[in-house]
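Down below is the structure, laid out as structure tokens.
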Amino acid sequence: MSEEPPVDFGYEQVPWSEKAARVRAVFSSVAGKYDLMNDLMSFGAHRLWKRFTLELTGLRAGQRALDLAGGTGDLAIGLARRVGRGGCVTLADINWDMLVRGRDRLLDAGFASELECVVADAERLPFADGAFDCITIGFGLRNVTDRQAALASMYRVLKPGGQLLVLEFSTPTAPGLKPLYDAYSFRVLPLLGRLVAQDAASYRYLAESIRRHPDQETLLGMLRAAGFVETRYHNLAGGIVAVHRGYKS
């Protein structure tokens, strides 16, 4: 029997089969303070990044959208507004604690008739082929154990002509930004995590996981390898964040 390959969990190497459970534990720990921490960490800019992503969806009334790794539902709410009463948004996450917060938020916003919630692993999506007109995944792909398998799974469940949008932290491109960003990530974020969420370790992992995520061009190549066409990306905040997009042929 071959030995199980290791995989990155931040800067740590862990057995392949353990990463998903460790990621679930991280997000269970931070779920209660997740939205507050997002506002503090990004100075509210994450809302602008998500708004930009939603503008790219091109969704129309009556269509079906999947918000994968949807967490507390920021993107899902925007998708639900676009598809309207005749459409459907599936909010999916591997972590139940996060999913329940997103579900409650959408219900409180009045989107009960447009909403379905599913605990789902991005690598093995439990949906029919060609089920969705659009898929969004915001700040979730870097936490997936096998990113290429997840992209292939997303491709499968998109309709022909359907679009994938990946909003994720990426590699700074603006001159002089990287050392400042590194200092902020590894000094300020764990401190905020300790003071606000009482969990410095989880926010240290989140900073490390960003550094282990593929850069813009590498991720673009991964989308193409999964079958996506018309692929491109948009750098935001000097490349700290990027939106990658592609279509199912």
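Here are the numbers for the structure shown:
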read-out	value
The range 178-218, residues that are closer than 17 Å to Gly239 by Cβ and loosely packed, with under 15 Cβ neighbours inside 10 Å	Pro179, Leu180, Asp182, Ala183, Tyr184, Arg212, Asp215, Glu217, Thr218
Given (1) assigned to a helix (DSSP H, G or I); (2) touching a Pro at 6+ places or on another chain (Cβ under 6 Å), index of the condition Gln13 fails	(1)
Helices (runs of 4 or more DSSP H) contained entirely in the range 145-206, each with at least 3 residues that are under 19 Å from Gly246 (Cα atoms) and out of contact with any His (no Cβ under 9 Å at 6 or more places or on another chain)	147-157
Filtered residues of the range 215-231 (kept if under 17 Å from the mean Cα position of the chain (by Cα) and assigned to a strand (DSSP E or B))	none
Flag for Ala112 being open to solvent by 20 Å² or more (accessible area, probe 1.4 Å), without any contact (Cβ under 8 Å) to a residue 24 or more places away in the chain, small (Gly, Ala, Ser) and farther than 25 Å from Arg204 by Cα	yes
Residue match in the range 32-42 (condition: open to solvent by less than 40 Å² (accessible area, probe 1.4 Å), at pLDDT 90 or above and not in a helix (DSSP H, G or I))	no
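The values are calculated or read from the model by the stated rules, or taken from the named source; none is laboratory data. These numbers were taken from a predicted model, which means no experiment stands behind them. Every residue, glycine as well, gets a Cβ built from its backbone with ideal geometry; the counts of neighbours run over all protein chains shown. The protein model used for the area step is the full one, side chains on, heavy atoms only, and it has no ligands, DNA or RNA in it. Shrake-Rupley method; radii C 1.70, N 1.55, O 1.52, S 1.80 Å.
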